[in-house]
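Notes for the one structure printed next.
Please treat every number below as a calculation from the coordinates, not as lab data. Nothing here was measured: the structure is a model prediction, and the numbers come from that model. Cβ coordinates were reconstructed from backbone atoms using ideal geometry, including for glycine residues, and neighbour counts include every protein chain displayed.
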Amino acid sequence: MKNRFPALLLATLLVGTSFVQAEDTQVLIQTRFDFADPKGQLKQLSAREVTDATLPLRMPTSVRATEPSSITAGKTAIGELAPPFALLETQTLPNKPDQVGKLDLDWDLRNLRLTRGRYALTCKVTPLDGNAAGLNIRFTSAMDDSSVIWPQKPPLMVSFGEDAITAGIGSEPRPYTPNVPVLIQIEVDLDAEIWSASADGTPLIAAAPLNLFTPEGGLMLAGALIRGLDKPGSRVALSALKVERLPSDTPPSETRAAADKLPRIACVGDSITQGYGFGNAQVEAYPGQLRQLLKGRARVGNFGVSGTTMLKNGDSPYWRQQAFERAKAFAPNIVVLMLGTNDSKPQNFAKSDQLSADASALVTAFRELPTHPEVIVVLPVPVFKTAFGITEEFTAQVRPLVELGAKEAGATVVNPEAVFAGQAKWFGDGVHPNQKGAAALAQFVAEQLPLPKENPPEK
């Protein structure tokens, strides 16, 4: 049965952005670039969510310009470029001729969850007269828990340079003419794991390996990023950006098929899980290091949210976070649940009489998923120095309360306290593990998992 959008929901959609159901038309997202604020700069748009019969869409579109670079809508004297469009222009920063402003138009499509089939991003680009550099148009990649991971290897990217268009390593440069629109298309096949790019139908790169998925199957297509290059004098106009779903009957590759059979581990928790303090949390925080330890034995998703509590009535309950819904949608076979540290804050600890019941309820919420995952509750790590209102005095009282509720709901409860005994140096602020602490936590968690200890021998 086809799902129809209610009129009220349609009325709330952002001006300049339209969503089309991906059935007959196959157009997923189409952006018109006609949303300018009173100063002529594009607004940062808030997230809107629409759902059709098969595909949830969420598009928190952010548009940023570092002065004196600018992003404007519909302001150029080029006659052949019909509005609406966006004009990107980079200039040198005041008194700093070696530095320029930066431009980012980031269409965050992670919740499209493009994990199967063929898709295309198309966009018309007009390099303006006097253009000195250009811009990059690319899909970005993310973990299959919808978290972005950088750097992307290889980038699915089309670049406009000073005199030619290229598409990654090994592409054929294509000259362009100033003030003449060029239709760019980046196509990805997520089953065959290949991608291609073209300019006005002329191939720039054909059937290149996608390499968007790790051996664990942990990467997925995430979004579209348009970035002005960091060089003064870059002047380009964009229009008609859209993402389409293309017809496909390609069977999954061997790596994709194998990845689908791996157990899925959802790491649920607070800032210690999310990776507070790390420059590349998806790699350095304990779930990222766990992913590396397992090496093809499981898929690992990081669903940590800083500041969250086990308590339903805490100051920031995990229950109310979007990550909670994403963790359940991940269809985990194993859930590693580590909450309680923030429940030791005075305003939360005052409600500690509710903690066991809430711990039991959260474990039950995961165990009752269709996949019936095993839930492993990791008790809070030691607190070596009071910070953020978190003390070891209250944390020590939180642990048995969490343990009681978790065991009542049938979870396995483990305590990492011995791993960190005397290791204050692994905690920069006394609360959050550094990279060595996260590595020790990942190793501890790995030892608790009901998985084969070694990879099966290769045939």
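Quick notes on this one:
- Extending 7 Å from Cα along the Cβ direction at LYS407 and again at ASN434 yields two label points whose distance is 3.6 nm.
- All-pairs Cα distance distribution in region 305-395, expressed in whole percent, bin size 5 Å: 3, 14, 24, 25, 17, 10, 6, 1, 0
- Peptides ranked, highest mean first, by Cβ atoms within 10 Å: ranges 367-379, 299-311: 299-311, 367-379
- Which listed pairs, of LYS124/LYS242; LYS351/LYS385; LYS312/LYS407; LYS385/LYS425; LYS385/LYS407, have C-alpha distances above 20 Å, in listed order: LYS351/LYS385; LYS385/LYS407
- With R₀ set to 35 Å, the beta-carbon distance separating LYS295 from ALA350 gives a calculated FRET efficiency near 0.20.
- Inter-site label distance for ASP200 and GLU417 at 7 Å from Cα along Cβ, in nm: 7.2 nm
- As a rough footprinting exposure proxy, the listed residues TRP319, TRP426 were ranked by other beta carbons within 10 Å of their own, and the order from fewest upward is TRP319, TRP426.
- Reference-scaled alpha-carbon Rg (2.2 N^0.38 Å with N residues) for region 372-459: 1.27
- Rounded if a/c under 1.5, otherwise prolate or oblate - region 262-448, Cα gyration tensor axes: oblate
- Chain lengthening between ALA396 and VAL27 when straightened (0.36 nm per residue, less Cα-Cα): 127.4 nm
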